[in-house]
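Participant: Here it is: the structure, laid out below.
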Amino acid sequence: MQKVIEKAGKAFLTGNEAAAWAALAAGAEIMFGYPITPQNEIMHYWTRLAPKYGRGFLQTEDEISAGFTVCGAVQAGKKAFTATAGPGNTLMQEPFSMAEAMRLPLVAIIQQRGGPSSGTVIYSQQEVTLTTFGGNGEGHRIVYSTASHQEIYDYVIKAFNTAWKYRFPTFVLGDGYQAKMREPLVMYDPEEKGMEMVKPYPLVGLEGKIGEGREPQHLCNIYSMEEELYEVVMKFAAEYEAIAPEVVEYEEKNCDDAEILILAHGVVSRAADDAVKALRAQGIKAGYFRPITLRPFPGRQLREVIAKSGAKKMLIAESAYGQFDRLVKQEIYGETIPIYNLFMPGVGIIDYDIVNKVKSIL
Amino acid sequence: MVLPATPKSWYLPTKPHKFCPGCGHGIVLKALGEAIDELGIQDKTVFGCDIGCSLLSWNFFACDSIQTHHGRTTPVMVGIKRARPELITIGYMGDGGGYSIGSQHLLNAAVRNEKITVILVNNTNYGMTGGQMAPTTLPGQKTETTPYGRDPEITGYPTKGPEFVAALTSDGAYVARGTVSKYKQLKRFIKNALQNQIEGNGFSFVEALSTCPTNWRTNAQQTWSFLEDEMEKYFPVGEFKSPLGKGEK
């Protein structure tokens, strides 16, 4: 496959453009997509770049089809992906649940927009519940919540490896701000950087003659008896829990002596980071914890931070009405630290908002 | 006793199959199996089956096979074909999956002239879920959701699938309607539809009129009579579009 980035170098791009370049650099062979704001430019850049590198694209009739064509393409053994947002993410829960059930290495980039319903086309963090636990399944998915364009580039590449290595559908959860803003980042070829890219392989359309060296593949996602399904789901759960420690990623700053812990994810964690600096400058001992993987969640690490800091209070800030808050609480069940929140559904949060909130609860 | 020969591409550990006595699926799948054998494509065929009675075919063939979701077989087959054009992809579905919940996929795959083959079994009802009205239920026909007979004033007239697929597709598409009452013709249509994909001409679609005595609540004679006298009258059998030579009406 032709190299996309010959030499690592700085670029000044929108997040959507960074995502398209990253998918190319990761060796994605085909994208299936359907227009929805704010992810459109991922398709726009992909459709301009892909033919130059012999990669494919299909604009499908809707998001249901985009998700299912990705399911088909990965079963045929190709690195395939899609991107969507908002109501499109809702529709894609059906193919995402098939990917969960059949352990398909589907990759999807989600650029969150306001909700519920058509909401806004702009920004939110309101697709956390949908992306982590959507569909009629158990949330056996891997979800990276990015905070910068560099991370979009890094984690889109990583998502293909994660998906093909562990065979759980993998999501890069961005948002409209990250999608549309321009920001500097360094683009690189992952293999030049020493990353080993996981090779895709087919589940159907295998080599060889059936009956003479190979058996036909019969892949199912529906079971006749409760016990059969039970065994499958329990096996998936055990495998998911076993790989979770390898997959979990998080970031913490200034937590050792923190009196108050500030929790945020995605782009809001940048405001939280700045707020901690501002509060520290004013003599308030604040610390910051940010899960990068929302699924699996760094619950053990968060408990350790609570314990080692001895913090008296915790503030959860998010651009949604408690979706991240619920994730955090279910992970730290039993902890007694008082939890406060700053819920701003569908609007941006800046350091000033967090600083004011902290001062109001101290 | 000499048993009839089974197609080489059938997967024998799952035989006898699980369709109801008198169901037409077995006939359609026999025609498909023989067509696969005669074209020598067993090793590179990917068979995708929809939810509904079609699902019972998921391990019917000694071909790589995939279950999907209700109505979503078409996009899964499109994804496979786009990823690996050298494979022969066959989507197998019922009238509910193709004409109702998955109609947007069927319609758009036809418009894009996707180089896949879709075989749709029309038995005028949702069999697996217990005999509800399908898009193909005939006017006046009783089903679980039209217990007094389908009233076209309320639910419209039956969907004529090959007619709409033929109207939407461009050159290169193959479109036909066969019936399990005319086996040789049905097999020829299915084989043509596969040949059309092998040649890479365009979308290939065969509707097969079929029987459902379980949900029709008919005996053998009534079953056959409903198929030949009612269904075939409403749904004309023949080739609607063929790039392979002169169409047969």
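What follows is calculated from the coordinates using simple rules that are stated; it is not laboratory data. In this text the structure is predicted, and so the values were computed from the model without any measurement. Reconstructed Cβ throughout: ideal geometry from the backbone, glycine too, with neighbour counts over all protein chains shown.
Participant: With angles folded into 0 to 90 degrees, how steeply does helix A:226-247 sit against the dominant principal axis of chain A? Use alpha carbons for both and round to 10.
Facilitator: Approximately 60 degrees, to the nearest 10.
Participant: Between A:Phe343 and A:Lys209, what length comes free when the chain is fully extended (0.36 nm per residue of separation minus the Cα-Cα distance, one decimal in nm)? Could the numbers behind the result be given before it?
Facilitator: On the way: separation 134, 0.36 × 134 = 48.24 nm, distance 5.88 nm.
Difference between extended and current length: 42.4 nm.
Participant: Ranking B:Val111, B:Val2 by Cβ neighbours within 10 Å, fewest first, what do you get? Write down the numbers at each step before the final one.
Facilitator: Working: B:Val111 15, B:Val2 4.
Sorted ascending by nearby Cβ count, the order is B:Val2, B:Val111.
Participant: Mind checking A:93-105 for the average number of partner chain beta-carbons within 10 Å of each residue's beta-carbon?
Facilitator: Working: counts 0, 4, 6, 0, 1, 6, 0, 0, 2, 3, 0, 0, 0.
Per residue, the number of nearby Cβ atoms from other chains is 2 on average.
Participant: For region A:9-187, just say rounded, prolate or oblate: build the C-alpha gyration tensor, square-root its eigenvalues into a ≥ b ≥ c, call rounded for a/c under 1.5, and beyond that prolate if a/b exceeds b/c, oblate if not. Walk me through the numbers on the way to the answer.
Facilitator: Working: a/c = 1.41, a/b = 1.11, b/c = 1.28.
Rounded, because the longest to shortest axis ratio a/c is under 1.5.
Participant: As an exercise, identify the GluC sites (Glu not before Pro) in region A:184-278 lying in DSSP coil whose Cβ has no more than 10 other Cβ atoms within 10 Å. Numbers along the way, then the final one.
Facilitator: On the way: sites: A:Glu191, A:Glu192, A:Glu196, A:Glu207, A:Glu212, A:Glu226, A:Glu227, A:Glu228, A:Glu231, A:Glu239, A:Glu241, A:Glu246, A:Glu249, A:Glu251, A:Glu252, A:Glu259; in loops: A:Glu191, A:Glu192, A:Glu196, A:Glu207, A:Glu249, A:Glu259.
Within region A:184-278, the qualifying GluC sites (Glu not before Pro) (loop, at most 10 other Cβ atoms within 10 Å) are A:Glu196, A:Glu207.
Participant: Measure out, as a whole number of angstrom, how far apart the alpha-carbon centroids of region B:41-87 and region B:124-175 sit.
Facilitator: Between the Cα centre of region B:41-87 and that of region B:124-175, the gap is 23 Å.
Participant: Okay, moving on. Work out, step by step, the length gained on full extension between B:Lys142 and B:Glu199: first 0.36 nm times the residue separation, then minus their alpha carbon distance; give nm to one decimal.
Facilitator: 16.3 nm
Participant: Something else about it: Once a ≥ b ≥ c are taken as the square roots of the eigenvalues of the Cα gyration tensor of region A:127-208, is the result rounded (a/c under 1.5), prolate (a/b larger than b/c) or oblate (a/b not larger than b/c)? Could you put the intermediate results ahead of the total?
Facilitator: On the way: a/c = 2.74, a/b = 1.16, b/c = 2.35.
Here region A:127-208 falls in the oblate category.
Participant: Over 18 Å between C-alpha atoms is what I'm after, so list which of B:Lys81/B:Lys115; A:Lys79/A:Lys199; A:Lys52/B:Lys44; B:Lys8/B:Lys187; A:Lys253/A:Lys313; A:Lys79/B:Lys81 land there. Each step should come with its number before you reach the end.
Facilitator: Working: B:Lys81/B:Lys115 7 Å; A:Lys79/A:Lys199 9 Å; A:Lys52/B:Lys44 29 Å; B:Lys8/B:Lys187 15 Å; A:Lys253/A:Lys313 16 Å; A:Lys79/B:Lys81 14 Å.
Violating the 18 Å limit, Cα to Cα: A:Lys52/B:Lys44.
Participant: Considering every Cα-Cα pair within chain B, what fraction, in whole percent, is farther apart than 21 Å? Walk me through the numbers on the way to the answer.
Facilitator: On the way: 16440 of 30876 pairs.
Every Cα pair in chain B considered, those over 21 Å come to 53 percent.
Participant: Give the order of B:His25, B:His69 when sorted by the count of other beta carbons within 10 angstrom, beginning with the fewest. Mind dumping the intermediate values first?
Facilitator: Numbers: B:His25 26, B:His69 23.
In order of increasing Cβ crowding within 10 Å: B:His69, B:His25.
Participant: For n ≥ 4 DSSP H runs only, could you compute -39500 (n - 2.57) per run for chain A, divide by its residues and tell me the 222 nm figure to the nearest 500?
Facilitator: On the way: 12 runs with 147 residues, N = 362.
So the helix-based figure for chain A works out to -12500 deg cm²/dmol.
Participant: Moving on. Normalised by the residues of chain B, what does the relative contact order come to in percent, with Cα pairs under 8 Å and at least six apart? Before the final figure, lay out each step's value.
Facilitator: Values: 531 pairs, mean separation 46.3, N = 249.
Normalised by residue count, the contact order of chain B is 19 percent.
Participant: For region B:6-58, which semi-axes, largest first and in whole Å, follow from the square roots of 5 times the eigenvalues of its Cα gyration tensor?
Facilitator: Numbers: eigenvalues 70, 32, 20 Å².
Square roots of five times the eigenvalues give 19, 13, 10 Å.
Participant: Please report, to two decimal places, log10 I(q)/I(0) for region A:251-361 at q = 0.20 Å⁻¹ as given by the Debye formula with identical point scatterers on the Cα atoms and no solvent.
Facilitator: -1.01
Participant: Right, here's the next one. Once you have the Kirkwood Rh of the protein assembly as shown from its Cα pairs, apply Stokes-Einstein at 37 °C and 0.692 mPa s and quote D in µm²/s.
Facilitator: Numbers: Rh = 26.0 Å.
In µm²/s, the coefficient is 126.
Participant: Here is a further query. With the Cα gyration tensor of region A:41-99 in hand, give its eigenvalues times 5 under a square root as the equivalent ellipsoid semi-axes, listed largest first in whole angstrom. Intermediate values should be presented prior to the final figure.
Facilitator: Working: eigenvalues 81, 44, 12 Å².
With the √(5λ) rule applied to region A:41-99, the semi-axes are 20, 15, 8 Å.
Participant: Please report the base-10 log of the normalised intensity I(q)/I(0) for chain A, using a Debye sum with one equal scatterer per alpha carbon and no solvent, at each q in 0.12, 0.14, 0.15 (1/Å).
Facilitator: Each listed q corresponds, in turn, to -0.88, -1.16, -1.30.
Participant: Taking R0 as 56 Å, what's the FRET efficiency between A:Glu241 and A:Ala8 from their Cβ-Cβ distance, rounded to 0.05?
Facilitator: Details: r = 36 Å, r/R0 = 0.65.
Here the calculated transfer efficiency is 0.95.
Participant: Would you tell me the mean number of C-beta atoms belonging to other protein chains that fall within 10 Å of each C-beta in A:208-214, as a whole number? Mind dumping the intermediate values first?
Facilitator: Values: counts 1, 2, 11, 6, 1, 0, 2.
Partner-chain Cβ atoms within 10 Å, mean over residues of A:208-214: 3.
Participant: Ok, one more. Relative contact order for chain A: what is it in percent, counting Cα pairs under 8 Å that are at least 6 residues apart?
Facilitator: On the way: 751 pairs, mean separation 64.4, N = 362.
Over chain A, the number comes to 18 percent.
Participant: To continue, here is another question. Computed FRET efficiency, Cβ-Cβ of A:Tyr321 and B:Glu230, R0 45 Å: what is it to the nearest 0.05? All intermediate terms of the calculation are to be shown ahead of the outcome.
Facilitator: On the way: r = 56 Å, r/R0 = 1.25.
After rounding to 0.05, the efficiency reads 0.20.
Participant: Calculate the spin-label point distance for A:Ile350 paired with B:Glu163, positioning each point 7 Å from the Cα along the beta-carbon direction, and give it in nanometres.
Facilitator: 6.3 nm
Participant: Follow-up. Using a simple spin-label model with points 7 Å from Cα along the Cα→Cβ vector, what separation in nm is obtained for B:Glu38 and A:Glu227?
Facilitator: About 4.5 nm, to one decimal.
Participant: Moving on. I need the GluC sites (Glu not before Pro) found in region B:55-148, filtered to DSSP loop residues with at most 15 other beta carbons within 10 Å of theirs. Don't jump to the answer; show the numbers that get you there.
Facilitator: Numbers: sites: B:Glu86, B:Glu114, B:Glu144; in loops: B:Glu86, B:Glu114, B:Glu144.
The qualifying sites are B:Glu86, B:Glu144.
Participant: Hey, another quick one. In terms of Cα to Cα distance under 15 Å, which aspartates and glutamates are near enough to A:Lys10, apart from those fewer than 8 places away along the same chain?
Facilitator: The qualifying aspartates and glutamates are A:Glu151, A:Asp154, A:Glu183, A:Asp189.
Participant: To continue, here is another question. For A:Phe133, B:Phe61, what's the fewest-to-most ordering of other Cβ within 10 Å of each Cβ? Write down the numbers at each step before the final one.
Facilitator: Details: A:Phe133 19, B:Phe61 26.
Taking fewest neighbouring Cβ atoms as first place, the list is A:Phe133, B:Phe61.
Participant: Please compute the contact order of region A:251-361 in relative form: average sequence separation of alpha-carbon pairs under 8 Å and at least six residues apart, divided by the residue count, as a percent.
Facilitator: Details: 194 pairs, mean separation 36.1, N = 111.
Over region A:251-361, the number comes to 33 percent.
Participant: Taking 0.36 nm per intervening residue step and subtracting the Cα-Cα distance, what contour gain separates B:Asp151 from B:Lys15 on full extension? It would help to have the intermediate numbers written out before the result.
Facilitator: Numbers: separation 136, 0.36 × 136 = 48.96 nm, distance 3.98 nm.
45.0 nm is the gain from fully extending B:Asp151 to B:Lys15.
Participant: Can you give the mean number of other chain Cβ atoms that lie within 10 Å of the Cβ atoms in peptide B:104-116?
Facilitator: Values: counts 5, 7, 1, 1, 5, 3, 0, 1, 4, 0, 1, 0, 1.
Counting Cβ atoms of other protein chains within 10 Å of each residue's Cβ and averaging gives 2.
Participant: Setting aside same-chain residues fewer than 8 positions from A:Lys209, which aspartates and glutamates have a Cα under 18 Å from its Cα?
Facilitator: Partners within reach: B:Glu34, B:Asp37, B:Glu38, B:Asp43, B:Asp64, B:Glu86.
Participant: Among the DSSP beta bridges whose two residues both lie in chain B, what percent are antiparallel, rounded to the nearest 5? Could you put the intermediate results ahead of the total?
Facilitator: Working: 7 of 33 bridges.
Around 20 percent antiparallel, to the nearest 5.
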